[in-house]
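The values are calculated or read from the model by the stated rules, or taken from the named source; none is laboratory data. Fair warning: this is a prediction, and the values are worked out from it, not measured in the lab. Cβ placement follows ideal geometry from the backbone for every residue including glycine, while neighbour counts extend to all protein chains displayed.
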Amino acid sequence: MSIPFRACILASAIVASLPSQAADAKLDKRTVTNATTLATAGAQDTGAYAIVESLTTEIGPRLAGSAAYDRATKWAEEKFKSLGYDRVYLEPVSFPTWERHHESAEVIAPYPQRLIITTLGGSVGTGGKPIEADIVEFATIEALKLAPAGSLAGKIAYISNRMERTKDGHGYGPAVAARSGASAAADKGAVALVIRSIGTDSDRLPHTGMQRYAEGSTKIPAAALSNPDADLLSNMVRRGKPVTLRLDIDAGHTGATKTEYNVIGEIRGRKLPEEVVVIGGHLDSWDLGTGAIDDASGVAITMTAGAMIGRLDKAPLRTIRVIAFANEEQGVFGGRAYAETHKAELDLQQLGAESDFGAGRIYSFRAGVAAEAVPVIEQIARLLEPLGIAYEAGKGGPGPDIEPFAKVGMPWAQLAQDGTDYFDYHHTANDTLDKVDAKALDQQAAAYAVMAYVAADSPVDFGRAPPLTGEE
Ligand SMILES: [Zn+2]
């Protein structure tokens with residue numbers, strides 16, 4: 001996940017449970033039996049962990065725009081084929097290429113020492129030579145915006161806000177605004193921005209992530225300090241003497257546009273093959289770790305779920321379409337391309353759901369569908385109960401790559417994961433395989449299989465999602 005977490009803004013977007021048209025929602029007996037079998041498989045080895053292991057070992061970091069992403073594309077095609085998918089194909093996704101070359105930071109006065117930083121995605125560099133400037137600390141981006149005009153001339157702005165740890169990740173939204181504080185800082189005259197990492201750990205590992213410049217503002221370099229380094233810098237500032245930082249960054253957009261691919265695998269529906277239930281994760285990752293939790297896990301969970309459905313005695317009515325999305329991290333390019341490519345097929349989209357919140361167990365099921373489909377959603381919820389998943393009506397929102405299509409009406413579901421420790425590792429060098437619990441992945445693969453299968457085999461069309469009110 002890279003974009004601000006908007007679950008709370010979207011809460012109003014869900015249809016309240018209307019008087020149930022349960023008679024219309026009667027599931028076939030075989031559908032219920034198969035769904036129960038799929039849920040039971042969550043207690044066994046589904047093979048999801050082996051897929052995360054394969055992607056992180058054989059490909060590793062796969063930054064959008066890099067040669068590694070191209071290798072990941074081939075890996076995903078081959079993996080879908082080896083899992084027995086009926087059809088495997090690619091859809092193009094184009095975006096501007098951004099590259100990170102090197103970055104370093106040190107305090108040169110009054111307490112000289114090195115700091116650990118990472119350049120934020122989309123940032124420009126320092127122009128071929130280091131910047132040396134005094135730090136001005138702000139508790140939040142709002143405080144920075146209140147600074148007098150010109151007051152940061154020749155300075156490096158430093159935003160020290162701390163992200164709060166929560167199970168559902170709602171601490172991310174308020175904290176992450178600082179990541180795109182470069183333009184606000186530049187507008188006051190700053191020559192660079194550094195921030196406390198948007199993360200909940202105390203490891204000396206900074207968290208990268210995308211930042212954006214405002215139209216018309218001077219583009220200045222932007223970097224995140226590891227959290228212990230942010231503590232260190234704040235302690236220096238508190239002593240009252242000017243703190244001078246040297247920042248050396250070589251990064252930026254190359255000016256080239258690259259075309260990569262959403263990699264798609266389908267289990268073909270037996271009666272309504274043109275209608276699709278879309279599940280997926282994003283195939284790209286940041287470059288610092290091996291992208292095990294963000295988002296090899298999501299790719300593995302949904303690939304496995306589709307394969308589990310493919311092994312049933314009879315395919316569901318509709319097609320299961322599993323998508324390994326390209327370049328989510330730098331601006332949801334894969335999800336936006338999918339919505340654009342298939343915009344004429346809105347009515348064929350039965351349901352969409354993305355797994356992009358790490359590898360923690362699923363505890364909650366939420367959905368935004370047409371009122372007449374709510375009884376089916378409630379039936380799916382009952383089938384998910386044995387997996388320890390509770391139904392929460394009127395909450396949640398679509399995953400990042402589903403959201404562009406959900407905004408124009410694609411019905412969506414969310415299988416919310418326990419993200420208590422997600423932001424300890426998110427977008428850091430520490431996002432590696434050892435953080436992934438195989439049993440938690442099995443529970444998730446089973447949950448996606450149950451949800452996608454029943455949605456695909458439902459006698460009820462899920463219609464259109466109620467309008468989303470979230471803002472970009
Ligand atoms: Zn992600």
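Counting only strands (runs of 3 or more DSSP E) wholly contained in the range 42-141, the ones carrying 1 or more residues that are without any contact (Cβ under 8 Å) to a residue 40 or more places away in the chain and assigned by TED's automatic domain parsing to the domain that holds Ala224 occupy 113-115, 131-138. Looking at Arg87, is it more than 30 Å from Leu232 (Cα to Cα), of a type in the set (D, E, K, R) and touching a Gly at 6+ places or on another chain (Cβ under 8 Å)? The answer is yes for Arg87. Scanning the range 391-414 for residues that are in a strand (DSSP E or B) and more than 11 Å from Gly352 (Cα to Cα) turns up just one, Tyr391.
In this structure, Ala223 does not satisfy being farther than 24 Å from His170 by Cβ, touching a strand residue (DSSP E or B) at 6+ places or on another chain (Cβ under 8 Å) and in a loop (DSSP other than H, G, I, E, B). Taking Tyr453 as the residue in question, decide whether it is touching a Pro at 6+ places or on another chain (Cβ under 7 Å) and not β-branched (Val, Ile, Thr). Against the criterion (touching a Pro at 6+ places or on another chain (Cβ under 7 Å) and not β-branched (Val, Ile, Thr)), Tyr453 qualifies. Determine whether Glu385 is assigned by TED's automatic domain parsing to the domain that holds Leu433, without any contact (Cβ under 8 Å) to a residue 24 or more places away in the chain and out of contact with any Cys (no Cβ under 7 Å at 6 or more places or on another chain). Criteria met by Glu385.
Of everything in the range 349-377 that is touching a helix residue (DSSP H, G or I) at 6+ places or on another chain (Cβ under 8 Å) and among the charged types (D, E, K, R), the residue that is nearest to the ligand (Cβ to nearest atom) is Asp356. The set of residues in the range 71-104 being among the acidic types (Asp, Glu) and either within 19 Å of the chain's Cα centre (by Cα) or under 30 Å from Asp437 (Cβ atoms) (or both) consists of Glu77, Glu78. Residues in the range 304-329 that are assigned to a loop (DSSP other than H, G, I, E, B) and surrounded by fewer than 24 Cβ atoms within 10 Å (Cβ to Cβ) were compared, and the one that is nearest to the ligand (Cβ to nearest atom) is Arg311. With respect to the conditions (1) in contact with a His (Cβ under 9 Å, 6 or more places away or on another chain); (2) more than 16 Å from the ligand (Cβ to nearest atom), Pro400 falls short on a single one, namely (2).
Contact annotation: no residue pair with Cβ atoms under 8 Å, 6 or more positions apart or on different chains, pairs a residue in the range 344-361 that is more than 15 Å from Ile320 (Cα to Cα) and part of a strand (DSSP E or B) with a partner that is away from the ligand (no atom under 16 Å from the Cβ) and at pLDDT below 95.
Each residue in the range 305-343 was checked for being closer than 17 Å to Gly281 by Cα and free of Cβ contacts under 8 Å to residues at least 60 places away in the same chain, and 1 of them qualify. The set of residues in the range 258-299 that are within 10 Å of the ligand (Cβ to nearest atom) and assigned to a strand (DSSP E or B) comprises Gly281, His282.
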